[in-house]
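Contents: one structure, followed by commentary.
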Amino acid sequence: MPRFCLLLIVVMLGSAQDQRPPLFPENNEDVKLPNGTSQRQAILKAEHKKSLEDSDKLLDLVTEVHADLEKGDANVVSLKTIKQLEEIERLSKRIRTRLKPI
């Protein structure tokens, strides 16, 4: 019995991780904003703008890391570089998450 409960919990947790609410509802009604534009298009435009801003930050960080690695020794990496690499990973995940529903 405990094994069955454990198995049930593992299966439920595994399937719950992939469930994200959709960006847009399933019905195909296009909601209009008070200014007359499509809500769907406004959301997509805002997401695109955020992705562009994040990709600009990502590019700056990558160039800084590249310069730091060229300057540094093969055996030593600064804490600043490691933090920049973590920020690069975070930004790339954020961009990928935004682009996946499309």
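The table below lists the values:
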read-out	value
At R0 = 41 Å, FRET efficiency that the Cβ-Cβ distance of Glu70 and Leu44 yields, to 0.05	0.60
Dipole axis of the stretch 55-102 (+1 Lys, Arg; -1 Asp, Glu on Cβ), positive-most option in Thr63, Thr81, Ser92	Ser92
Angstrom value of the Kirkwood radius, inverse mean 1/r, which spans all Cα pairs in the stretch 55-102	11.6 Å
Calculated FRET efficiency for the pair Val31/Asp54, C-beta based, R₀ 25 Å, to 0.05	0.40
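Rule-based calculations on the coordinates, nothing more; no lab input. A quick note: this is a predicted structure, and the numbers were derived from the prediction, not measured. Reconstructed Cβ throughout: ideal geometry from the backbone, glycine too, with neighbour counts over all protein chains shown.
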